[in-house]
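Notes for the one structure printed next.
The values are calculated or read from the model by the stated rules, or taken from the named source; none is laboratory data. If you're wondering where the values come from, they're calculated on a predicted model, not measured in any experiment. Because the Cβ atoms are built from the backbone with ideal geometry, glycine has one as well, and the counts that use them run over all protein chains shown.
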Amino acid sequence: MNVEKAGPEDVKALVHLRISYLTEDNGSLDARDLAAVKNGLPAYFRAHLNRDLFVYVIRDGQAIVSCAFLLIVEKPMSPAFINGRTGIVLNVYTCPPYRRRGYAKVIMEALLSEAKEKEISSIELKATEAGYPLYRSVGFTDDASGYHFMKWTCP
């Protein structure tokens, strides 16, 4: 099981994996949202891949069968992220026929190892119930900062 970083030649596959992840996570996407995602993701990946977005993959032959995204964000320094470099894990996804083989754990370990090399102060993620044990096993802890996770969505 070899983990590698996706490259520009993988953009089409990454779009497919992202849509598979979103569909599984959210249920079916309406046609308008699906079209927006399909049309917008290739340009996003070309602009960000291996700059501030790193996609770790496992392949079966040429096909990507498992992936995880690490988005690196630079923030003003604080004691919580002393050098300002933080990460967000997104889109941890393994194609259904390849699940329960440890692919996600191997990818997460590689991602975290490189995050240490890149001196990322902290990494956050949102875990599903199914993914929670995996993330605990690789060192993530529940956020006990005293802050409430909130978001605003443009109407």
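Answer with yes or no whether Asp25 is over 14 Å from Tyr93 (Cα atoms), under 16 Å from the mean Cα position of the chain (by Cα) and not in a loop (DSSP other than H, G, I, E, B).
Here the answer is no, as Asp25 does not meet what is asked.
Which fully enclosed strands (runs of 3 or more DSSP E) of region 56-155 have 3 or more residues being under 25 Å from Pro8 (Cβ atoms)?
63-74, 85-94
In region 119-130, the qualifying residues are those that are without any contact (Cβ under 8 Å) to a residue 40 or more places away in the chain and over 21 Å from Ile72 (Cβ atoms), and the one that is surrounded by the fewest Cβ atoms within 10 Å (Cβ to Cβ) is Glu129.
A single entry from Lys105, Lys116 fulfils the requirement of being at pLDDT 95 or above, of a type in the set (Lys, Arg) and exposed (fewer than 12 other Cβ atoms within 10 Å of the Cβ): Lys116.
Restricting attention to region 31-62, the residues that are loosely packed, with under 12 Cβ neighbours inside 10 Å and either touching a residue at least 40 places away in the same chain (Cβ under 8 Å) or basic (Lys, Arg) (or both) add up to 3. Among the residues of region 93-108, those identified as in contact (Cβ under 8 Å) with a residue 40 or more places away in the chain and within 15 Å of Val55 (Cα to Cα) are Tyr93, Tyr103, Val106, Ile107, Met108.
When only residues in region 1-30 that are among the polar types (S, T, N, Q) and within 24 Å of Arg101 (Cβ to Cβ) count, which is surrounded by the fewest Cβ atoms within 10 Å (Cβ to Cβ)?
The residue in question is Asn2.
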